[in-house]
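All remarks here apply to the structure that follows.
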């Protein structure tokens, strides 16, 4: 994916946006995790490696790539896990902190440009871009080869990473927003990333892919937003691992069990006759039911109301 808003440039002051168009302030807190390339006016760019002034890059808290002692950007076709920093001004003292927040960023050199594995920022911050990307030496492997530590090796000689464990879907609530989390484990000793794909079962019984994302974590979230993903949906997630140094080398995908997002009645089918024996039915929800603010402190109870309706099976049969 490409981030090409020219306001991300380190030379762009955000002060004008704050006064004339505050809605255009860049906030990457909702950025989809994945691999990104920076461009400014259709020219390749990169993340700056020096502290950026506050209120630049189209945002109030610009995010730049911090290189510690002995750290360097990856060489041609290499991958490195580095740290990005968000600059912020402490208003009480007026002093600036170049690294108020730290964000993990994986950087990959693609010969003559960089790509970055970015995560959402912890607040309204924006990733910066710097023009005039210096030319890096071109070093490309053949179509049947991969780069491994700067050396071209045959794909057939490079073992794929082991498959992750079977993913498990659980629900969780953050504030008033409901999410599903796909979690799994990895036994790989190499530097690997993961691709997580979400899908749901259509009314016709076909699996429809909803979203796919790359991450270096062993879990991923998706929002139960009521539009793309709704109560009553039957949901799956799958994951496979890939080598960060050689993304073409992938492991086998593994899919979760079906997760029904909604309320189930157990048993699902029960014949209840008039003047018959009692039946115990269990109402079970696989997702949390958020309560309105203050419902526990007031006299109003946080309840979920259900209505039971009956239907006749035939003229000679009772309800």
Members of segment 72-91 that are within 20 Å of the chain's Cα centre (by Cα) and surrounded by fewer than 16 Cβ atoms within 10 Å (Cβ to Cβ): 81, 83
State all residues of segment 1-45 that are assigned to a helix (DSSP H, G or I) and closer than 15 Å to residue 125 by Cα; if no residue qualifies, say none. 7, 8, 15, 17, 18, 22, 23, 24, 28, 29, 30
Which of the residues spanning segment 276-309 are modelled with pLDDT under 70 and over 26 Å from residue 169 (Cα atoms)? 293, 294, 295, 296, 297, 298, 299, 300, 301
Are any residues in segment 1-24 farther than 15 Å from residue 129 by Cα and either surrounded by fewer than 19 Cβ atoms within 10 Å (Cβ to Cβ) or under 27 Å from the mean Cα position of the chain (by Cα) (or both), and if so, which ones? 15, 16, 18, 19, 20, 21, 22, 23, 24
Given the residues 109, 30, 66, which is the only one that is within 29 Å of residue 219 (Cβ to Cβ), exposed (fewer than 14 other Cβ atoms within 10 Å of the Cβ) and not assigned by TED's automatic domain parsing to the domain that holds residue 242? 30
Taking residue 48 as the residue in question, decide whether it is in a loop (DSSP other than H, G, I, E, B), touching a residue at least 60 places away in the same chain (Cβ under 8 Å) and not assigned by TED's automatic domain parsing to the domain that holds residue 212. yes
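The values are calculated or read from the model by the stated rules, or taken from the named source; none is laboratory data. In this text, all values refer to a predicted model and were calculated from it rather than measured experimentally. Cβ atoms come from the backbone with ideal geometry, glycine included; neighbour counts cover every protein chain shown.
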